[in-house]
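Worksheet: the structure to be examined is printed underneath.
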Amino acid sequence: MRTQVGIVGAGPAGLLLSHLLHLAGIESVVLEARDRAYVEGRIRAGVLEQGTVDVLNDTGLGERMNKEGLLHHGTTLRFRGRNHHIDFVDLTGKAVTVYGQHEVVKDVIAQRLKDGGRIEFEASDVAVHDFESDKPYVTWRDKAGKDQRLDCDFIAGCDGFHGICRPAIPASIQQVYERVYPFGWLGILAKSKPVQEELIYNNHARGFALFSMRSPEITRLYLQCDPDEDIANWPDDRIWEELHMRLAGEDNLRLPEGPIFQKGVTPMRSFVAGPMRHGRLFLAGDAAHIVPPTGAKGMNLAVADVRYLSRALESFYGKNNSDRLAGYSDICMRRVWKAQRFSWWMTSLLHKFDERSSFENEVQLAELDYVVSSRAAMTSLAENYVGLPFEEQK
Ligand code: FAD
Ligand code: DHB
């Protein structure tokens, strides 16, 4: 089998890359370890930056997102039991859209299949070969148990943090930066009407809580917990009780309860591996970098990477120009590090750190006080949250 770009991973990065390449007249094949139902049902991120929304709209993927997505003009920071509104539109002229990552994934898969695209689900033992030469190839075992080989010009490693592409790059060539946080997020989906129209990022002495949503009937909630928390220790009653305690305050905010139909624990880390290219292997999305979820940057970074990568490949095939491919890692990294800084800062601002002294706790609250009372500080938060502008490649 032969194609131009072999893509490993059918998450947002791999799928969107194959769609963008298709629009540029470039062929690809996507190899995915899981089955379609699993990929389409995996609950993860929910906030799309304006730039992500623009990419989806500009490439014909916006129809359902525009109908079902919720446009948020701002967000709430809550501390000492009181809400403080940050108005993104007033501060930056931009907004964000709440639309689940798995909905984006469903939309791109449907479009790829409609356009005759090739996604090989349930591909096991995927391995990447000879990407230091100009004849790379990928091997795997298909779902019928048959060994397969895909020859290609380039390989895109879009296989997430636990994938095989990043480890295939010699360690001597890669620099790794990492910070592991001493907590995780316990996330739930509940059939309960959102208590207000916008998200609430809540700082509390018992730990961080985030109120979000997926639709006018579905609430998405997160609680700061131990990184290795056993979800079995969290029956629904305990989750609601903890949420009520963390969100309580002088304004008597009370979440309406409802049946919880999805639960999970995510550990939190900041991670960057670079450069994002070695020979003809290009990494994109979580395969190269992970952010803690506070700030909702993970999926948006994946989209930005493949936007750059598809343009670089377009310039290679259309104009026989490799400059953009050569600059791919640098242009991505500049954005990645700004998102890392922002996600780390939001995480530090909002979570309870057991090792912090009472002095540091007071400094955290003072910083929150400052952020919500200074237009300059609110603007800085808002412009990072709605997404920094894409840098244009030469
Ligand atoms: P992924 O979505 O991880 O896609 C990688 C794909 O590659 C997967 O489909 C995987 O099955 C496949 N794959 C892996 N290994 C192989 C292999 N060997 N062979 C073939 N295929 C392979 N971000 C937020 O902003 N907010 C959140 O609330 C949030 N919650 C998250 C919860 C969890 C549990 C995780 C893991 C991430 C979360 N993120 C969140 C981050 C966000 O979801 C990711 O940044 C985003 O999914 C990145 O997309 P991606 O395509 O790069 O990687
Ligand atoms: C959601 C996730 C985030 O990480 C975030 O910062 C905001 C919202 C969500 O899943 O809705």
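Annotation: of all residues in the range 31-50 being in a helix (DSSP H, G or I) and open to solvent by 20 Å² or more (accessible area, probe 1.4 Å), the one that is farthest from ligand 1 (Cβ to nearest atom) is GLN50. Do the conditions hold for ALA377, that is, is it out of contact with any Cys (no Cβ under 8 Å at 6 or more places or on another chain), in a helix (DSSP H, G or I), over 30 Å from SER310 (Cβ atoms) and modelled with pLDDT of 95 or more? When the stated conditions are applied, ALA377 passes them.
Scanning the range 196-209 for residues that are among the aliphatic types (A, V, I, L, M) and either open to solvent by less than 50 Å² (accessible area, probe 1.4 Å) or at positive phi (or both) gives LEU199, ILE200, ALA209. For the range 93-112, the set of residues classified as among the β-branched types (Val, Ile, Thr) and surrounded by fewer than 19 Cβ atoms within 10 Å (Cβ to Cβ) is empty. Step by step: first the residues of the range 129-167, then only those that are assigned to a loop (DSSP other than H, G, I, E, B) and under 21 Å from the mean Cα position of the chain (by Cα), then the one that is surrounded by the fewest Cβ atoms within 10 Å (Cβ to Cβ). Which residue is that? Filtering first and then ranking leaves HIS162. Against the definition (buried (at least 21 other Cβ atoms within 10 Å of the Cβ), modelled with pLDDT of 95 or more and not hydroxyl-bearing (Ser, Thr, Tyr)), how does VAL89 come out, yes or no? Criteria not met by VAL89.
Of all the residues in the range 54-69, those that are farther than 28 Å from HIS162 by Cβ and surrounded by 18 or more Cβ atoms within 10 Å (Cβ to Cβ) number 2.
Inspect all residues belonging to the range 314-336 and state whether any of them is open to solvent by less than 60 Å² (accessible area, probe 1.4 Å), touching a Pro at 6+ places or on another chain (Cβ under 7 Å), more than 14 Å from ligand 2 (Cβ to nearest atom) and under 26 Å from LEU48 (Cα atoms). Within the range 314-336 (the criterion being open to solvent by less than 60 Å² (accessible area, probe 1.4 Å), touching a Pro at 6+ places or on another chain (Cβ under 7 Å), more than 14 Å from ligand 2 (Cβ to nearest atom) and under 26 Å from LEU48 (Cα atoms)), the answer is yes, since at least one residue qualifies.
The values are calculated or read from the model by the stated rules, or taken from the named source; none is laboratory data. Keep in mind that this is a model prediction, so the values were computed, not measured. Methodologically, a virtual Cβ is constructed for each residue, glycine included, from the backbone with ideal geometry; neighbour enumeration extends over all protein chains shown. Only protein heavy atoms, including side chains, enter the accessible area calculation; ligands, DNA and RNA are left aside. Shrake-Rupley method; radii C 1.70, N 1.55, O 1.52, S 1.80 Å.
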